Amino acid sequence: MSPRDVGSGIVLDSVGVTFGGENPVIALEDVSLEIPAGEFLAIVGPSGCGKSTLLRVVSGLLEPTVGTVSVHGKTAEQARSDVEFGFVFQDPVLFPWLRALGNVLLPDKILGKRNPTHGPQTEELARRLMRDVGLAGFEEHYPAQLSGGMQSRVALARVLIYEASTLLMDEPFGALDEFTRDRLNLQLLDVWARARTTVLFVTHSIQEAIFLADRVVVLSPRPGRIVHVATVPFTRPRPLELRYEPAFGSLTSRLRSLLETDGES
Amino acid sequence: MKRNEWTAIRANLFKRRWITTSKGFIPAALLALLAVAIWQIVVVAADVPAYIVPSPAEIMAELLAESSWLAADLGWTMLEAVLGFLIGSCTAFITAVLFVHVRVVERAAFPWAIVLQTIPIVAIAPLLTIWFGYTLVPKVIIAAIICFFPVLVNTTRGLRAVSNQAMELMNVLSARKASIFWRLRLPSSLPYVFAGLRVAATLSVIGSIVAEFTGADRGIGYVIVQASYRIDTRLMFAAIALSSLAGIVFFHVIGWIEKATLRWPEARLDED
Ligand SMILES: Nc1ncnc2c1ncn2[C@@H]1O[C@H](COP(=O)(O)OP(=O)(O)OP(=O)(O)O)[C@@H](O)[C@H]1O
Ligand SMILES: [Mg+2]
């Protein structure tokens, strides 16, 4: 696939989200971002700063209180109903009555012909994706019979089956050990490089953010604002050893100090 | 692992499971046996006349002696109960689906469902008998009414027991309403539906027997009424034992269907 037109990316214009109720929370304030199509953007920030809210606004699941979101020239809501998004939620959100393979195939069942990979070979694709995320042999297990980390990998395979043009990933690897996480990071980069999807990737790990992303957005809590957008200078493909290089380390500590000073303000 | 090892492990698991489930019945069976034994001893020792309280042995003898025509009456009562159960439960299910999808229907109809629930069925049974005579119809209606509410309440709750996140997943996939119903709402409601059906199963037997009291020419309720005129306590006890047995069997049949339908782990709401 050819790289998508940069002008057709995701544009957030002074987006703000306030949750009402007895004690209103300003989850996001004045967030403006331009994400060119095909970019890998990481979002870091302390717990409760509005990362999940940001993804939900981009995906059209949540209407911003103020500001506008445009995705490939459409409204977020329009893009959502055109199934432009693949969303990996913070929790795996598997259906307990479906086996692992059934969960991976769920988007295909719902989308039918709207799924670009729909066809007689879809089940084979689902099995391959399960192998890719290291779950070969667990196709017939029910979610309740899988560990937390395995469940989140089922959710990952499920989102990859319909090749959405934009992937929104909310701490997809949070429940995984370091080795599995490394492996899946490389695999995700592989998918991204092949399909040139746009990726918005929320993580708590600054290292993971820098390793994966073209740019890293740092959010501050209450109200959730963008305090910094760092461009990651490293060329691709990036080997895992990159993380031990001094330049990588100094960028890590720079972002970490941004997050720390931020907690005091 | 080698194939035969797996087979051995599976066989072992199966055996253990079978033992534990059959073990589950043992305390209850022992308690029943104890109660029956005490009953028998007290009745014999105190020389209680059979027309007041017959002994379990006498009841058993009565059951065996009259089994052929008692079975026919029981079959009739169960036909009424099962028909009422099916009609009542299906109506309740459809109503619940309507409630969940069209809010205004729920606001309009739910208060009246409660009113229906508060009307004592013994009060409407004679009315239905006037309208429909000594036929099957009043009994089926009573059984249906009595099944309606538990299934309605449980199904409504089940159809709503869908997490926001699961809904968001469906929305990201731009799923249509029908798709959301069949793939999300319905399966997640099934454990609740079955909880309601199990309650309804036992109630339906009670409903049809009560309806028979007010006008019938066959059925267990009819047998009980006739026996009471003749102060045939033995027959009354035999009929009571039979109807309760039928209720228990119906309850377990629904339980088996539930087990066969809900295959995923932790599906059943009250599984220990
Ligand atoms: N549905 C909601 N109703 C009310 N307040 C909400 C809702 N969702 C989020 N919030 C509030 O918005 C703020 C941001 O929440 P959000 O889930 O986006 O944080 P987050 O950055 O994803 O945190 P974490 O890293 O812990 O997942 C929080 O203070 C939270 O209390
Ligand atoms: Mg979050």
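The values are calculated or read from the model by the stated rules, or taken from the named source; none is laboratory data. Keep in mind that what you see is a predicted model, and the values were worked out from it rather than measured. Counting neighbours? That spans all protein chains shown, and the Cβs are built from the backbone with ideal geometry, glycine included.
Data for the structure
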| quantity | calculated |
| --- | --- |
| Enumeration of residues in the stretch B:161-213 that are more than 16 Å from the chain's Cα centre (by Cα), among the small types (Gly, Ala, Ser) and under 30 Å from B:ASP73 (Cα atoms) | B:ALA211 |
| Subset of the stretch A:200-210 [closer than 16 Å to A:ARG236 by Cα and surrounded by 23 or more Cβ atoms within 10 Å (Cβ to Cβ)] | A:ALA209, A:ILE210 |
| Residue identified as within 13 Å of another protein chain (Cβ to nearest Cβ), β-branched (Val, Ile, Thr) and closer than 30 Å to A:VAL71 by Cβ among A:THR198, A:THR203, A:THR166, A:THR117 | A:THR166 |
| Selection count where residues are more than 9 Å from ligand 1 (Cβ to nearest atom) and modelled with pLDDT of 95 or more, scope the stretch A:37-53 | 5 |
| Given (1) under 25 Å from A:SER165 (Cα atoms); (2) within 16 Å of ligand 1 (Cβ to nearest atom); (3) touching a residue at least 24 places away in the same chain (Cβ under 8 Å); (4) charged (D, E, K, R), index of the condition A:GLU34 fails | (2) |
| A:ALA144 vs. criteria at pLDDT 90 or above and either within 16 Å of ligand 1 (Cβ to nearest atom) or out of contact with any helix residue (DSSP H, G or I) (no Cβ under 8 Å at 6 or more places or on another chain) (or both) | yes |
| B:GLU168 vs. criteria free of Cβ contacts under 8 Å to residues at least 24 places away in the same chain and part of a helix (DSSP H, G or I) | yes |
| A:SER152 being among the small types (Gly, Ala, Ser), within 16 Å of ligand 2 (Cβ to nearest atom) and buried (at least 16 other Cβ atoms within 10 Å of the Cβ) | yes |
| Residue within the stretch B:204-212 that is in contact with a Cys (Cβ under 6 Å, 6 or more places away or on another chain), more than 14 Å from chain A (Cβ to nearest Cβ) and either at negative phi or of a type in the set (A, V, I, L, M, F, W, C) (or both) present | yes |
| A:GLU29 vs. criteria modelled with pLDDT of 95 or more, more than 14 Å from every other protein chain (Cβ to nearest Cβ) and either more than 16 Å from ligand 2 (Cβ to nearest atom) or in contact with a Pro (Cβ under 8 Å, 6 or more places away or on another chain) (or both) | no |
| Those strands (runs of 3 or more DSSP E) lying entirely in the stretch A:38-113 with at least 2 residues within 9 Å of chain B (Cβ to nearest Cβ) and touching a strand residue (DSSP E or B) at 6+ places or on another chain (Cβ under 9 Å) | A:85-88 |
| Selection count where residues are within 20 Å of B:ALA166 (Cα to Cα) and either surrounded by fewer than 21 Cβ atoms within 10 Å (Cβ to Cβ) or modelled with pLDDT of 95 or more (or both), scope the stretch A:167-191 | 7 |
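Residue-wise test of (1) among the small types (Gly, Ala, Ser); (2) surrounded by 18 or more Cβ atoms within 10 Å (Cβ to Cβ); (3) closer than 20 Å to B:THR261 by Cα; (4) within 10 Å of another protein chain (Cβ to nearest Cβ).
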residue	(1), (2), (3), (4)
B:SER163	yes, no, no, yes
B:VAL172	no, yes, no, yes
B:ALA175	yes, yes, no, yes
B:ARG183	no, yes, yes, yes
B:SER189	yes, yes, yes, no
B:TYR192	no, yes, yes, no
B:ALA195	yes, yes, yes, no
